[in-house]
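This report concerns only the one structure given below.
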Amino acid sequence: MKLSSIKSLPLFFLPLFALLFCLASIPQAFAYKGSISFTEAEKAAHFAKIGIVNEVSAQCLDNVWREHVRFFEDHRVSKYFGNRRYIKGEVPGRRSDGEVLHPIRPALRARGLDPSLESQMTSMSCVDLARRCLRMGFEAAGQVRFWEKIDAFNKLNNNIGPAIMLGLQALGWKLVYWNPDPRQNVQWDLDDQERSPNNAKNVWGYHKIRYDSVMGPKRKYYEYYVDDRRTLNGFGTQVPREFLEVPFFVGFAHTGYHVFVGYQGEVIEAHSVRSLFALDNVERNMFNPLGGGAPVSTPSEVYLSGLIAVPPGSL
């Protein structure tokens, strides 16, 4: 059925249709390699130092943002280059999916910039920004062994945001479901499908079915148990005050397709495929998807639902 035909269906058919194409598009269940857990004593030790973890991790994010802006203002190029689009050196490379990685030095020359600037530039992705700042926080708290256990589990599972969040949850963090307006789930699924008809990256078809699963008796978002399905559910453009007070958080959208991090309601996120010469290669916005804020997919599009991990003692 063509999308134009879908949109002409009576409204009472849309929820049923959305459920059908969601079920048809869901990949096979993802099986994590290995497992991760912490003892009650380790959780208590982490909770005792969580203030340090939060403060240092948030300061790391702020520093990355300031360095990014300062470097861009000085050189008109991003200090942090997306590692799914660029590679250091003179010769193209290839990503694991076969896509070309563009060499940085020729790109700098083409803009009339000194290619030696490359030595001051750092590889970055949305997941790596979270890893960078969490590690600093755990190190400052004297708990780097906890972080290395989480990151080892993450690396075993191909460096994905959800693996980090599962590790944090095992250490006592809470997973919070976020969706500013569940009433629009069906339409959001249809809109995502129209933007990406073949769904090669599995980025659409999940708003409604994930919501229904979260709100069901098992409280599951895909394979993740949801600790809090109330605070960030249906807030519209008025982000709850209690979330604005969370000192640090790690989130994902579209079942982990994009990862974002932030503190006190602000999101700082890196994008791994944007241009070297764009200031929004790293972005800073308030968390408010329907109010012109983050998390951001493209310069004109936002993400609309997912999970956020918040530290013990918050929310």
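The values are calculated or read from the model by the stated rules, or taken from the named source; none is laboratory data. The structure presented is a predicted model; accordingly, all values stated were derived computationally and were not measured. A quick note on method: Cβ atoms are made from the backbone with ideal geometry, for glycine too, and the neighbour counts reach across all protein chains shown. Surface accessibility is based on the protein's heavy atoms, side chains included, excluding ligands, DNA and RNA. Shrake-Rupley method; radii C 1.70, N 1.55, O 1.52, S 1.80 Å.
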Q | Kirkwood estimate for region 138-292, i.e. one over the average of 1/r between Cα atoms, Å | A | 17.0 Å
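Please give me the summed charge of the neighbours of G265: other residues whose Cβ is under 10 Å from its Cβ, Lys and Arg +1, Asp and Glu -1.
Counting the neighbours of G265, the net charge comes to -1.
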Q: Over region 136-209, calculate the relative contact order: mean separation of alpha carbon pairs under 8 Å at least 6 apart, over the residue count, as a percent.
A: 18 percent
Q. Tell me, what is the FRET efficiency for E55 and R219 to the nearest 0.05, using R0 = 35 angstrom and their Cβ-Cβ distance as r?
A. 0.70
(Q) For the chain, what is the number of Lys pairs with C-alpha distance below 20 angstrom, counting only pairs 8 or more positions apart or on separate chains? (A) 14
Q: Report the antiparallel proportion of the DSSP beta bridges in the chain as a percent, rounded to a multiple of 5.
A: 75 percent
Q. What percent does the relative contact order of the chain come to when contacts are Cα pairs within less than 8 Å and at least six residues apart?
A. 23 percent
Q) Relative to a virtual label point 7 Å from the Cα of Q238 in the Cα→beta-carbon direction, which members of region 159-187 show backbone nitrogen distances below 13 Å? A) none
Q: Taking only protein heavy atoms into account and a 1.4 Å probe, give the accessible area per residue of region 74-214 in Å².
A: 44 Å²
Q: Could you tell me what percent of the accessible area of the chain is made up of carbon and sulfur, with a 1.4 Å probe and every protein chain present?
A: 53 percent
Q.
Just want the answer: with Cβ charges of +1 for Lys and Arg and -1 for Asp and Glu, which residue in L244, L279, H207 is farthest toward the dipole's positive end in the chain?
A. H207
Q. Nearest 20 debye, what's the magnitude of the dipole of the chain about its Cα centre given +1 on Lys and Arg Cβ and -1 on Asp and Glu Cβ?
A. 560 debye
**Q.** Rounded to the nearest 20 debye, dipole of region 207-246 from Cβ charges on Lys, Arg, Asp, Glu
**A.** 220 debye
Q: With all distinct Cα pairs included, what does the Kirkwood hydrodynamic radius of the chain come out to in Å, to one decimal, could you say?
A: 20.6 Å
